[in-house]
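> Pasting in a structure now, in structure tokens, and then I'll have a few things to ask.
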Amino acid sequence: DDETAALAKEEISEDGYWGVKQTSDRLVSFAKALTGGDPDKADMMIEAIKKGFEQATKAWGGDLPDICKQTLETAISKLEEWKKSATSDASYK
């Protein structure tokens, strides 16, 4: 119905719960928690996220929707920034 369609549209919007920003934030938070906050393990988490997306693509039976690809790229970018910020912090010590 129209109400459900409107809600779904809102949920996957830029600021929606299932949108790129919030979903990538949740992926990054989960990755950081799994590493115990160790940015030296960021590359391992990036590879794990990529592997998960590959498995989801296979399960989907083809290319995932663009929002999924954007979420993957954004999460990887955020993890790379986390890794770089830790590296630059260490160089000042």
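The values are calculated or read from the model by the stated rules, or taken from the named source; none is laboratory data. Please read all numbers here as calculations on a predicted model, not as lab measurements. A quick note on method: Cβ atoms are made from the backbone with ideal geometry, for glycine too, and the neighbour counts reach across all protein chains shown. Remember, those area values only see protein heavy atoms, side chains included, never the ligands or the DNA or RNA. Shrake-Rupley method; radii C 1.70, N 1.55, O 1.52, S 1.80 Å.
> So, in region 38-93, of the ones that are open to solvent by less than 40 Å² (accessible area, probe 1.4 Å) and farther than 26 Å from Tyr17 by Cβ, which residue ends up modelled with the highest pLDDT?
Pro39
> Cβ-Cβ distance below 8 Å, separation of 6 or more or different chains: which pairs start in region 29-51 with a residue that is within 16 Å of Ser85 (Cα to Cα) and end on one that is open to solvent by 40 Å² or more (accessible area, probe 1.4 Å) and hydroxyl-bearing (Ser, Thr, Tyr)?
Cβ pairs passing all conditions: Pro39/Ser85; Pro39/Thr87.
> With the structure loaded, tell me whether Leu27 is farther than 16 Å from Leu72 by Cα and modelled with pLDDT of 95 or more or whether it fails that test.
So Leu27 does not fit the description; no.
> Among the residues of region 1-37, write down those that are open to solvent by 70 Å² or more (accessible area, probe 1.4 Å) and in contact with a Gly (Cβ under 7 Å, 6 or more places away or on another chain).
Glu10, Ile12 - these are the residues of region 1-37 that are open to solvent by 70 Å² or more (accessible area, probe 1.4 Å) and in contact with a Gly (Cβ under 7 Å, 6 or more places away or on another chain).
> Within region 1-79, considering only helices (runs of 4 or more DSSP H) that don't extend past its boundaries, which have at least 3 residues that are more than 9 Å from the chain's Cα centre (by Cα) and basic (Lys, Arg)?
42-60
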